[in-house]
Amino acid sequence: MMNILRHPAAERARGILFGNRAHRGITFTIVLYALLIAIGFVYLQPLLFMFINSIKDPSDLLNPMVQWVPTQLYAGNYERAYRVLDYPNTLMASIFISVVPSLIQAFVTSLVGYGLARYQFRGKRLIFVLLLATFIIPPQNTVIPQMLMYRDLNLLGNPLALILPALLGQGYRSAIFVLIFYQTFVSLPKVLEESARLDGATDLRIFFTIAVPSAIPAYIVSFIFSTVWYWNETFLTVIFLEGGVTTLPMQLSSFAQAYENLYPAGTVNIFERLNEAVKMSGTFLNILPLLVMYFVLQHWFVESVEMTGITGE
Amino acid sequence: MTTVRKPARREVSLATRESLYGYGFILLWVIGFCVFTALPLAQTFLYSLNTVSVTATSINLDFVEWANYSRALFTDPNFIELLIGFSVETLVSVPIVLIFAMIVAMFLNLKFRFKGLFRVIFFLPIVITSGPVIRELTEQGAASAPGIANNPAVIAFLEELPRALRSPVEYLLTSFVLILWFSGVQIMIYLAGLQKIDRSVYDAAAIDGASGWETFWKIVLPSLSTVTVVNAIYTIIILSHFSENKVIRYIYDQTYNVQGGIGYASAMSFIYFGVMVVILAVICFALLRWARRSSR
């Protein structure tokens, strides 16, 4: 028995199956792919499920035989979801509400990160502690006075209600971006800045002409993450913007209500009532812009940590 | 024309100049912190000690000391229940997110075919985790471990468990997939941590005859200890700020409730904040102790 196992052919077979120092065996590779596919399925399944159901026509929806393959491509759900969501308007609102504060936030947090990384001053530790505090404090602990303040200033429902905090470095999850910029600037060599200073450049000029160009990846990563987070944020947007601006996620959370308004229950036949398929079309339309952005910029998402060098030490 | 400064004075002014510029760069943030964080926080605390009524033109405060707090803690039947539920869910979710993210990151750190494709799929949660979308997913039942929670054998098993153990296990079964949706950024941070480990360390371990298993416990895990603390903090905060969080929804509903009102909601916000800080402290303390021991 032992002799057979030590036979060179057996050794080779074992090497292929279980691997050796040089490469992985087949068993390991199969297990690896099985796990990768299983995990991938966890993430893709809801999206697929949502998409498949959103293109089912009413008879397919009721037919228990039709699970994963609809009998036909049916765009009616999307047509109605598109109208219920008031898509062009809410889409533009969402883009505006996420892009503008993100741009401002990226710029202001980079200023703060640069100040913390390049200058020595008293109270820096305190600033870091407060920075962490702004990340930890739950929004509902500060939102009511903010809302009342905006009410007094007549800014409720105005995009400025989201832009002003971003302008003062208190945008959504600002602390993370300050830390990203701090890390970036701290790890950049100082030499260029010092020689520019000897040539008589002012600090602001050094910041704009030397620091900013060398931190472009950090700006891009901050901007896209900030955009995604602003896009998905619903707690603050509902409180500050309700009645003025309606973003896509906001419209989605009142989808059933909006549907009733557009298609009153008494006036439409049973196939036109609100069903799962329409809801899922709505959800899909909601994440579609993010998916497009993700696939176009995937390289920036997937490699963002390497690009900014943030690990959080 | 030129004034000659004394060297000593010039040195002092350089240091002052530097700190002045430093303050200049962070000035916007400091103003913002006062206006949008410190002041509202103090005001919310003030509200929590009062019964607040808001009219179109003014805000009326009626000082009630700690009545709002005692009401939330001792009278309100829902709040404490929700708070306990939140704590249990967080304490169950954080280890799962950390372990899962670490495993996925280690997979992605290997070399294999179609790696780019898998990376793109695994980072999808980064863009999709938003309140309404997650709610839709939960309503479809896409969030539970498929079929397990409804299995009669599992239900019978759950009934055998002691009450204290039952709700975490039940939560685990019903929301397992949902928990995985919260691990996008953590996978990314772990991956960065893994890529910082020098290849030569692995080679040295392999030459010394260490198995993959030993390499993991002796090299990989200790190198990931700081990153783990960062990830734990991030996970706790994201979970507790998530807008579909039941406690947050309850507080929000109470804000506009006739019986609740702003004062009561503010008191609950502070209690919630306190609980969150305690959870944060407990988990960080445990992890930091572990990190210190394993890095020795």
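The values are calculated or read from the model by the stated rules, or taken from the named source; none is laboratory data. Small disclaimer: the values here were computed from a predicted structure and weren't measured. Heads up, the Cβs are rebuilt from the backbone with ideal geometry, glycines too, and the neighbour counts pull from every protein chain shown. For accessibility, only protein heavy atoms count, side chains too; no ligands or nucleic acids. Shrake-Rupley method; radii C 1.70, N 1.55, O 1.52, S 1.80 Å.
Quick look at the numbers
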| read-out | value |
| --- | --- |
| Whichever residue in the range B:65-109 is of a type in the set (Phe, Trp, Tyr) and surrounded by fewer than 15 Cβ atoms within 10 Å (Cβ to Cβ) and, among such residues, is nearest to A:ILE30 (Cα to Cα) | B:PHE74 |
| Residue within the range A:222-238 that is over 22 Å from B:ILE238 (Cα atoms) and part of a helix (DSSP H, G or I) present | no |
| Pair list, Cβ under 8 Å, 6 or more apart: the range A:201-219 residue in contact (Cβ under 8 Å) with a residue 40 or more places away in the chain and within 15 Å of A:LYS190 (Cβ to Cβ), other residue open to solvent by less than 30 Å² (accessible area, probe 1.4 Å) and of a type in the set (Lys, Arg) | A:ALA211/A:ARG118 |
| Matching option when the condition is of a type outside the set (D, E, K, R) and either in contact with a helix residue (DSSP H, G or I) (Cβ under 8 Å, 6 or more places away or on another chain) or not assigned by TED's automatic domain parsing to the domain that holds A:SER253 (or both), among A:GLY113, A:GLY123 | A:GLY113 |
| Members of the range B:247-272 that are at pLDDT 85 or above and within 25 Å of A:TRP231 (Cα to Cα) | B:VAL247, B:ILE248, B:ARG249, B:TYR250, B:ILE251, B:TYR252, B:ASP253, B:SER269 |
| Unique match (being modelled with pLDDT under 90 and outside the structural domain of A:ILE95 (by TED's automatic domain parsing)) among A:GLU260, A:GLU313 | A:GLU313 |
| Residue satisfying condition, being open to solvent by 10 Å² or more (accessible area, probe 1.4 Å), within 27 Å of the chain's Cα centre (by Cα) and within 10 Å of chain B (Cβ to nearest Cβ), within set A:LEU47, A:LEU103, A:LEU91 | A:LEU47 |
| Cross-chain or 6+ apart pairs with Cβ under 7 Å, the range B:260-275 first and more than 7 Å from every other protein chain (Cβ to nearest Cβ) and farther than 19 Å from B:ILE59 by Cα, then part of a helix (DSSP H, G or I) and among the β-branched types (Val, Ile, Thr) | B:MET268/B:ILE251 |
| Any hit, the range B:54-61, residues being more than 8 Å from chain A (Cβ to nearest Cβ), over 24 Å from the mean Cα position of the chain (by Cα), closer than 30 Å to A:ALA201 by Cβ and free of Cβ contacts under 8 Å to residues at least 12 places away in the same chain | no |
| Residue match in the range A:152-160 (condition: in contact with a strand residue (DSSP E or B) (Cβ under 9 Å, 6 or more places away or on another chain) and either at the interface with chain B (Cβ under 9 Å from one of its Cβ atoms) or not basic (Lys, Arg) (or both)) | no |
| Yes/no for B:PRO146 being within 30 Å of A:ALA256 (Cα to Cα) and either at pLDDT 85 or above or assigned to a loop (DSSP other than H, G, I, E, B) (or both) | yes |
| Near pairs, Cβ below 7 angstrom, 6+ apart or cross-chain, from the range A:225-244 (facing chain B (nearest Cβ under 8 Å)) to any residue that is open to solvent by 20 Å² or more (accessible area, probe 1.4 Å) and assigned to a loop (DSSP other than H, G, I, E, B) | A:ASN232/B:THR129; A:GLU233/A:TYR172 |
| Leading residue by the ranking (nearest to the other protein chains (Cβ to nearest Cβ)) among those in the range B:110-133 that are closer than 24 Å to B:TYR190 by Cα, modelled with pLDDT under 80 and open to solvent by less than 10 Å² (accessible area, probe 1.4 Å) | B:SER130 |
| Filter result (of a type outside the set (Lys, Arg) and open to solvent by 60 Å² or more (accessible area, probe 1.4 Å)) within the range B:280-294 | B:VAL282, B:PHE285, B:LEU288, B:TRP290 |
| Count of the range A:140-169 residues which are assigned to a helix (DSSP H, G or I) and within 29 Å of B:GLY24 (Cβ to Cβ) | 13 |
| Test result for A:LEU241, out of contact with any Ser or Thr (no Cβ under 9 Å at 6 or more places or on another chain) and assigned by TED's automatic domain parsing to the domain that holds A:VAL143 | no |
| Of all residues making up the range A:3-42, the number that are at pLDDT below 70, among the aliphatic types (A, V, I, L, M) and assigned to a helix (DSSP H, G or I) | 4 |
